[in-house]
Structure formats: structure tokens, C-alpha cells
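*Asks:* First the structure, which I've put down as C-alpha cells, then a few questions once you've had a look.
The values are calculated or read from the model by the stated rules, or taken from the named source; none is laboratory data. Here the structure is a predicted model, which is why all the values come from computation and not from measurement. Cβ placement follows ideal geometry from the backbone for every residue including glycine, while neighbour counts extend to all protein chains displayed. Accessible surface is based on the protein model in full, side chains and every heavy atom, while ligands, DNA and RNA are left aside. Shrake-Rupley method; radii C 1.70, N 1.55, O 1.52, S 1.80 Å.
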Amino acid sequence: MSRNTDPEYHAARATLYCAAAAAFTYPDERTVSELTDPEARAGIEQAAERLTVADEAERLLDAVESTPREDIESAYNDLFGVPDDEGTYAVVPYEAHYTTRDELSIEQRRIATVVGLLEEFGVEPSEDFAERQDHVAAELELAQVLAGQRAVALEQGDRAAAERVEHAEATVLDDHLVEFVPALCYDVRQTADHPLYLAAADLVEELVTYDNGKHPEPTAGTAANADGGEAP
């Protein structure tokens, strides 16, 4: 598979992963303002057009703009934040929920793998992010950072750094995001009744599927592999 060496293409990927992560983050005032800022919206729309997810991005942005933040917060809590009387959440936004079948030792290794990737590439959750590191928003933010780092490396002509990031991206996509995002988005579509989260599910699934198809198979060269051990 030929590599895309256009820095602007990877900057567009970073922009879309940023928007996707924000859509699955608790909708505080800052997060909502980032999605409704006119300049940010123009950038997201331009990036989405380039990556063939323009319709999904537009529906998401329209839904954010037309919905009071308190209503977005209520819809988010209904999906991810408030358990029912039996302690069950409507939708569980964690990778390990979908990939480990509640086997604790495997779950711990899976989460440790994600933590290793976050640390390797300098992704630190903000102090007010009170979720596990395998939360979908954290993994989408990791994809954002990697795409941004690849854009910078290509802009600077650092081919070795760009290839190293490419290998990490392939691992994050193939071993992590593709393993649970489609199932998570299916659950959101089956459960949500708010157009914002229906659009968010469509955008994230289309973005991850599209991007994975553009990447080679993951190879050795990142900190850890899918089961939490060291990469060979």
C-alpha cells in the first residue's frame, strides 16, 4: 500500500479525530464551544470533505449547534453517565467491555496496552477526565495526536519519524479502534434517540473504517501489542 505523504491530509485526519473525540466526551461548556466555534466548524467541514465523511460531520455539527448544552448533557448521561436501577449503563464506552468478555486479567492487559501507547506518544488525559484510558474518547484523542505528529514529521521531512508514527497508527486502528468502535456505535444507534449521538456514532464508525482501510497492516515498532505484551 502506497503511503500518503501529504501533511495536509494527515492534518485533516487529526482535525476529524479531534471532533470525534469531543463528540464522545462529557459535553461541558468548553467541549461544546469547541464544536460550535465557526472557525472550528469550517475546518472540520473541510477535513470531512477530504476524507469522504462530509454528510456525517455536517449532521453532527448541525445537531450540536441546534441543541442547548443542558439537553446534550442529559442525552450524554442517558447513554453513558447514569446507570439504571441494576447498575447497568445503557452504553459502555470502553474498549475492554467489547474485547475481553469480562475476563479480568485480559481486561487489565488490554487497558495497560492502551496506557502504554498513550504514554509513548505523550497523550495525557486532562485533570477533569475521570474515565479509564480505554474510553473511546481517549483512544480517538490518541489517534488525533498520532495524525498530528505524522503531519508535522512529513512537513519537516523526517521520514523515519513519519514511518514510526504510521506503524503506531496502524496498531491503534487495527488492534484497538476497529476492534470495538463498530460495536459501540451499533449500541449507540440502538439506544440513542438524540440526533447528535446518532450522528456521532455514524461519523466515528465511518472515520475509523475509512482510515483503517488506508493503513497497512500493523507491524513491530510500537510499545506494545494487542494482548498487552511487548512488541516482538
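*Asks:* Would you work out if the chain is rounded, prolate or oblate? Take a ≥ b ≥ c from the square roots of the eigenvalues of the alpha-carbon gyration tensor; rounded if a/c is under 1.5, else prolate when a/b is larger than b/c, oblate otherwise.
*Replies:* oblate
*Asks:* Would you mind classifying region 158-212 by shape? Square roots of the alpha carbon gyration tensor eigenvalues, ordered a ≥ b ≥ c; an a/c under 1.5 is rounded, otherwise it is prolate if a/b is larger than b/c and oblate if not.
*Replies:* Taking the square roots of the gyration eigenvalues as a ≥ b ≥ c, region 158-212 is prolate.
*Asks:* Please work out the average accessible area per residue across region 30-130, using the 1.4 Å probe convention, and give it in Å².
*Replies:* In whole numbers, region 30-130 has 59 Å² accessible per residue.
*Asks:* Can you tell me the length gained on complete extension of the stretch ASN212 to GLU65, counting 0.36 nm per residue apart and subtracting the Cα distance?
*Replies:* 50.0 nm
*Asks:* Could you grab the Rg to Rh ratio for region 55-148? Cα atoms only, Kirkwood for Rh.
*Replies:* 1.01
*Asks:* To continue, here is another question. Each residue of region 68-78 in order: what ³J(HN,Hα) in whole Hz does its phi give by Karplus 6.51 cos²θ - 1.76 cosθ + 1.60, θ = phi - 60°, with x for Gly and Pro?
*Replies:* Along region 68-78, the couplings run x, 4, 4, 6, 5, 4, 5, 5, 4, 5, 4 Hz.
*Asks:* Still on this structure: If you place +1 on the Cβ of every Lys and Arg and -1 on the Cβ of every Asp and Glu, how big does the dipole about the Cα centre of region 134-195 come out, in debye to the nearest 20?
*Replies:* 160
*Asks:* Follow-up. With label points built 7 Å along Cα→Cβ from the Cα atoms of GLU29 and THR5, find their separation and express it in nm.
*Replies:* 4.8
*Asks:* In deg cm²/dmol, rounded to 500, what helix-only [θ] at 222 nm does the chain give when every DSSP H run of at least 4 residues adds -39500 (n - 2.57) and the total is split over its residues?
*Replies:* Rounded to the nearest 500, it is -20000 deg cm²/dmol.
*Asks:* Counting only Cα, what are the radius of gyration and maximum Cα-Cα distance Dmax of region 123-226, in Å?
*Replies:* 14.9, 47
*Asks:* Taking a ≥ b ≥ c as the square roots of the eigenvalues of the Cα gyration tensor of region 1-133, is the shape rounded (a/c under 1.5), prolate (a/b larger than b/c) or oblate?
*Replies:* Cα axes put region 1-133 in the oblate bin.
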